[in-house]
Amino acid sequence: MSTPDPARWLRRTMAKMPQFGLARVPDAPLPLVRDLWPGDATRGANLLRGEIEIGGVIFRLTTSTFTDAASPAPARLAAHGFTWLRDLRALGTDAARMHARSMVAAWMETGATEPQAQLPEVAGARIAAWLGHYDFFAASADDGFRQALMARLVNDARNLSAALPAEQIDARALTAIKGLVAAAVALPEQTGFMARALKLLPHEITRQVLPDGMHCERSPAQLLCALQDLIEIRTLLQAGQSQMPAGLVSAIERMAPVLRALRHGDGGFALFNGTREENPAQIEQVLTQAGRTGRVPSTMPDGGFQRLSAGRSLLIIDSGKPAGPGLDRTAHAGTLAFELSVGRDRMIVNCGAAPTASGEWRDAARATAAHSTLVIADTSSSEVRENGLGRKPEIVEQQRQEAGGAHWLEMSHDGWQRVFGALHRRRLYMADSGDDIRGEDAIEASSPQPYAIRFHLHPTVDASLQQDGEAVLLRLPSGSGWRLRADGARITLEESVYLGGTTPRKAEQVVLSGYEDGPQQVKWAITRVG
């Protein structure tokens, strides 16, 4: 049993004791705050049918979800967080309004005492969602509903203030603080909320936003979530005419260019560390709200990503150490993996993510074999565990050079040092035209190791193995043709799966297999043809 935190216990006790001069419950939020992000009317219509899509999986979402222990955890967390209110608002019908109101009423009656409902990040999301959509579902309700809602908001905000700082040290901590800031602005008589939030926020920004603008979890999806939260906090502080804490504005200015750097030409994300393509319109909305930012970086030394661009071709590479303990909940074993797109066409990808799928599917997507990189003996370069990583690379090195528009990148990692005594080296080259991309993968070990180099193809790529077995021809949706060939390995075309979109799709992968007892080095090239 863990030892109670005396300071946290004292804060919670004081927050619940009337003799500490708690202010009265207001009749309505003052001022009204509005959720920044557009919802999806189609998702809103699905909510009326009791369905919600989370991470590509459809779950039931009804009033019983709040208390049904048999409901999957993703569905229950989403239910208690109420961020889906924006989809009902986007639908905009009276039926959507009444459904939102009935769900909130049911939660206040049965869901408030559920343990998941009081997690700081869930409470923060719910408080911000209720206040941000108050005019949609509550302003026209009867006095009894509005009074109960305001009393619940005040009570939840007090509990949240007492629970902070949260035990979660990843992006979820920012969501919790956002909820407290929203409560502080909309409930100005509760004078302690803002002071508490502004005391915690600068530390979280410093800890979570790396100097180059990448988020500490090294996930494009979590970078998006963190940036959204910080933009909302900035907007709330402006609405409340409160002083901006140190580092908030500069953090947003650093994060937005990195978010752009991790997008392909179709506007969606590169698939690293629990990330799927996501909605390009939503990403663009966040970037618009971020405001003026700097130029897109080509290298992110703190976050450990590289972006090589020439002509219409773009390579995005994971060249950094995996996230550390407590920050690796979405981490994949994809060190030195890359993705390649040409214009709006994705060519070589990672398989993506299945964060809400069963453990077997989720872990398979996190394995090294699900990424476009080298894998030794079907063993991942990082040990994939349910809530993070075990063994993983400790030393990841990269060196980049550019000349005349061409790019060279040399990288290595020691993820297999303890299990095989092996080091993986990867060299990449992109010509100034973008039409000639070359690579070299090598294993440094005292004895030969069985290995494969995988190039997962996007489902829209048409692949065919040449009759001589020396190369694979790749045809992109735009009609452009490319050839992938290799020296020192067998080339095969095998099945794969793509989890980057809204639903899983069949795909293919090019696999280079080293010859038994042969050289532990393969040179390969991807060149445009025709």
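The values are calculated or read from the model by the stated rules, or taken from the named source; none is laboratory data. None of the values given here were measured: they were computed from a predicted structure. Positions of Cβ are backbone-derived with ideal geometry, glycine not excepted, and every protein chain shown enters the neighbour counts.
One table, with the values for the structure above:
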item	result
Residue among 43, 76, 60, 49 that is buried (at least 18 other Cβ atoms within 10 Å of the Cβ) and either under 30 Å from residue 354 (Cβ atoms) or not assigned by TED's automatic domain parsing to the domain that holds residue 353 (or both)	76
Top-ranked residue of the stretch 383-408 - restricted to ones that are closer than 27 Å to residue 525 by Cβ and in contact with a Ser or Thr (Cβ under 7 Å, 6 or more places away or on another chain), ranked as surrounded by the most Cβ atoms within 10 Å (Cβ to Cβ)	393
Restricting the stretch 467-479 to residues that are without any contact (Cβ under 8 Å) to a residue 40 or more places away in the chain and surrounded by fewer than 19 Cβ atoms within 10 Å (Cβ to Cβ), the residue that is nearest to residue 350 (Cα to Cα)	475
Failed condition for residue 296, given (1) under 24 Å from residue 174 (Cα atoms); (2) surrounded by fewer than 16 Cβ atoms within 10 Å (Cβ to Cβ)	(1)
Failed condition for residue 294, given (1) at pLDDT 95 or above; (2) farther than 26 Å from residue 387 by Cα	(1)
Residue, farthest from residue 387 (Cα to Cα), within the stretch 338-353, restricted to residues that are out of contact with any strand residue (DSSP E or B) (no Cβ under 8 Å at 6 or more places or on another chain) and part of a loop (DSSP other than H, G, I, E, B)	343
Candidates 356, 335, filtered to the one that is surrounded by fewer than 24 Cβ atoms within 10 Å (Cβ to Cβ) and in a loop (DSSP other than H, G, I, E, B)	356
Unique residue being farther than 18 Å from residue 33 by Cβ and of a type in the set (D, E, K, R) when the list is 114, 189	114
Residue 335 being of a type in the set (S, T, N, Q), over 19 Å from residue 430 (Cβ atoms) and touching a His at 6+ places or on another chain (Cβ under 6 Å)	yes
Qualifying residue in the stretch 131-140 (condition: surrounded by fewer than 23 Cβ atoms within 10 Å (Cβ to Cβ) and charged (D, E, K, R))	yes
In the stretch 480-500, residue farthest from residue 439 (Cα to Cα) [restricted to those that are at pLDDT below 95 and loosely packed, with under 15 Cβ neighbours inside 10 Å]	490
Subset of the stretch 462-477 (residues that are in contact with a Lys or Arg (Cβ under 9 Å, 6 or more places away or on another chain) and of a type in the set (A, V, I, L, M))	463, 471, 472, 473, 474, 476
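Here is a yes/no grid of residues against (1) of a type in the set (Phe, Trp, Tyr); (2) touching a Gly at 6+ places or on another chain (Cβ under 6 Å); (3) closer than 21 Å to residue 337 by Cβ:
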| position | (1), (2), (3) |
| --- | --- |
| 453 | no, no, yes |
| 476 | no, no, yes |
| 481 | no, yes, no |
| 501 | no, no, yes |
| 509 | no, no, yes |
| 515 | yes, no, no |
| 522 | no, yes, yes |
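Residues are listed down the side, and each one gets a yes or a no for (1) out of contact with any Lys or Arg (no Cβ under 7 Å at 6 or more places or on another chain); (2) surrounded by fewer than 20 Cβ atoms within 10 Å (Cβ to Cβ); (3) in contact (Cβ under 8 Å) with a residue 60 or more places away in the chain; (4) part of a loop (DSSP other than H, G, I, E, B):
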site	(1), (2), (3), (4)
250	yes, yes, no, no
255	yes, no, no, no
260	yes, yes, no, no
275	yes, no, yes, yes
284	yes, yes, no, no
287	no, yes, no, no
292	yes, yes, no, yes
302	yes, yes, yes, yes
306	no, no, yes, no
